[in-house]
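First the structure, in the form of structure tokens, and then the observations on it.
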Amino acid sequence: MTRAASSLALLLALTAAAAAQPAPFDMSDEGPPQPRAPAARPVPATEPPPATAPARPSRPAPPAAPAPETTATPVRYLLPMERLTLGGETARRSWSIFLSEAEAQAGETMRIGYQNSIFVAPESSRLRVSINGQVVIDTPVQSPEAVADIAVELPPDLLQAGFNTVEFDVSLRHRTDCSIQSTYDLWTEVSGPRTSIGFAPSSDLALRQLEDIRAVGFDSTGSTRYDIVLPAGELAEGSASTLRLAQGLALLGAMPNQQIRVSEGSLPPSTPGGLTVLAGPAEEIAALVPELPTDARQGPSAGFVDLGEGRGALVLSGPNWAAVDAAIGRVIAPVEQPFYVQRSRLTEPGWRNPDTPLFFAASSLSFRDLGVATREFSGRRFRTEFTVGVPADFYAAAYGEATLLLDAAYTEEVKPGSRIDVYVNDDIATTLPVGGASGAVLRGYPVSLTLRHFRPGANTITMEAILDTDSDAICLPGTTSDAPTRFALFDSSRFAMPDFARISQRPDLSALSGVGFPFNRADGPIPLALGETSAATLSAAATLAGRLALVAGRPLPFDTSLSVASAQGRDALFIGPASRIPVGILPQVGVAEGLRLGWSESGTGAVTRQTDASIARWQQQVGSGWRRPFVAIEEWLSQRFDLSVDALRLTRQAPPPFSPPADSSMIVAQGRDPSDGHTWTLVVGRTGAELADGAAFLAREENWDQLSGRLTLYDPVQASYAQLPATDTRLVPSVPTSFSNLRLVAANWLSENALAYALLLAVASLILGVATGALTGVLGRRR
């Protein structure tokens, strides 16, 4: 009886031990051990887990609540955005952060917070984080129910003073589904507030040198804020200096989401990812600084001071405003360059790595130079991307084609019907069918892609290989993770840009957002007229000037002292509330003069125009019978020759004055100046406060590319933009005249104006016929 009881007790103990052992979800066979990064230690969750695990949708959720920060351990946020979503079976994102010498020496830990789709198979999906090419986190992706926090100790000497490259890379597989459609259910979302570098608690990370301005960083949402404080009553006197300083700070920081706020007479509260800058004569700002530098009353002074309570500020001062300008010159000296220096790359380290190469003529670069490494792939949908840039006078959208010279391979397992899709700025550009009985190795295989979707500045080219196999249709257990390599893309592939026409189009807001055109080519003062001298309007102007300097690659010589009359015959910028814009400016850029009296409740906005156009199209399609043949001809021309009715017009009519709808708050518009040789750009808001908020929102990286056409309208309620196309453009020479460039310009212009091309061809045929008749009449048989 005792032996039976003992056996029963032993059996119960073994059963309890087995029940306590966690059993991971595993659908794959046991494989060889994978190389690991330094061991990651889970960090206790900052929020208690839910009592029951709710089913999670297959799309990114709203941002998780930030993990509470402790004042004992200073941190540096790593994501230049509020959240980073890496979707599909493979995704990679790389950028750089700038660390001061003190930060590089004090960095101890790295912490990330992430959450993934419920469809991700944890046993075959991984998240890797690298700093300066060294993997510091390599972990299974296994947190579908809540944000998981992971922290690791950083190896000694990993961080360096200056720029440090950060890379996030995921490889995801579906739990049970092998279809291509299922790959769209896979994602991993990294939380900005919970992803950072931690420093030793006793570290002194105060900014001390002017070079440390680059180390300001950003807050948990990826935003950088510069607070420029001027002495009370000095807004008008210090406006030009403020705009120059704002551009220098934007270029030094080089962050994707920079906002500049101007105030007078008092210090704003300190914020993470922010820098307070005091600018003004020494006697005027002495009351704001506990200990003003001793040299500020004798000459230009630029340096950091301690404001108390662990808060510092950059002080730019001197005995007068001329000395303050000289101090500002010391700060922005590293980023100044002459207007005639041609850039070879668009430098955007804060959100994109490597830099974007600029193409000014026919040239080619390897994928290796474009940041695309050799990859072998065993999944269903392979995706990679790179960026290339074109100048403001790019004029080849109607006829040009670039070429991808692919070095790639696929196995015999890839079935016919598979393809490689190429996108330019998220628009499909071309498709290459792949697949066959014996597989293939492609060496320099040419793939043409139209240039119609390119725009001035950086352009993102995305390659997506859709790979269909018989094993995916069967989808046996384990095949989602153990599929053999079926596709490879080699970094010896090349992107080749052809010669393209170069001539400026005005108006064109996409050139403004891409490279700051036309202001980036100014060799003298640029008139900048402020509708009113207020902190809100100056904040909007400073934020936009900083963003323009960032895309132009240099500080722009804006001058607020020039009169409106002096703006004629020059490229000029007008910023202010609608009621304070000088008379005659609004109609010049295609905006109704009545806007100065207030935003009308019955405005004919871009959305209204779009709705009216849709109604008219439906009326044509279902209207009276006499319209239908014309509608059929229009559809036939569009389908067969990609022609629209607008392309069949000899002249382009100037659009009527635009009146915005009442729910909008800001307009950016371009038009010709009265001399018809230059461009006026208008940024107008309903009020100064709404103008400042709209400018800050527009200057964010994800919104800046919304500028296009002749007018862009901002709706603060929907946080959305609407655009009006530039239908009445003017071509302005931008490079020395040459026969080859004129030929390319003519080719693109005639491609855009099909009716003019047809008439020109008819006239040429008529002349040829008359000449031939005359020649045969003289030399023919009758003679």
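Each value in this text was obtained by applying a stated rule to the coordinates, not by laboratory testing. Bear in mind that the values here come from a model prediction, so they are computed numbers and not experimental data. All Cβ positions, even for glycine, are placed from backbone atoms using ideal geometry, and neighbour counts span all protein chains on display.
So the values come out like this:
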| read-out | value |
| --- | --- |
| Linear extension gain, E82 paired with Y757, 0.36 nm per residue minus alpha-carbon span | 238.0 nm |
| Karplus (6.51, -1.76, 1.60) ³J(HN,Hα), θ = phi - 60°, over the stretch 382-393, in Hz, Gly and Pro reported as x | 9, 9, 8, 8, 8, 10, 9, x, 10, x, 5, 8 |
| Inter-part distance where the stretch 450-528 and the stretch 175-232 are each reduced to a Cα centre, Å | 25 Å |
| Cα shape, the stretch 739-778, gyration tensor, a/c 1.5 rule | oblate |
| For the stretch 345-504, Kirkwood radius (reciprocal of mean inverse C-alpha pair distance, Å) | 16.7 Å |
| Built amide H within the under 5 Å cut-off of S734, gap 5+ | S504 |
| Kirkwood Rh and Cα Rg combined as Rg over Rh, evaluated for the stretch 693-783 | 1.34 |
| Share of pairwise Cα separations in the stretch 123-181, more than 17 Å, in percent | 52 percent |
| Charged-residue dipole, Cβ positions (Lys, Arg, Asp, Glu), the stretch 149-278 about Cα centre, Debye nearest 20 | 180 debye |
| Inter-site label distance for I767 and S179 at 7 Å from Cα along Cβ, in nm | 6.1 nm |
| Scattering profile of the stretch 210-335 at q = 0.09, 0.10 Å⁻¹ [log10 I(q)/I(0), Debye over alpha-carbon scatterers] | -0.21, -0.26 |
| Listed residue (Q505, G417, G457) projecting farthest to the positive dipole end of the stretch 414-545, Cβ model | Q505 |
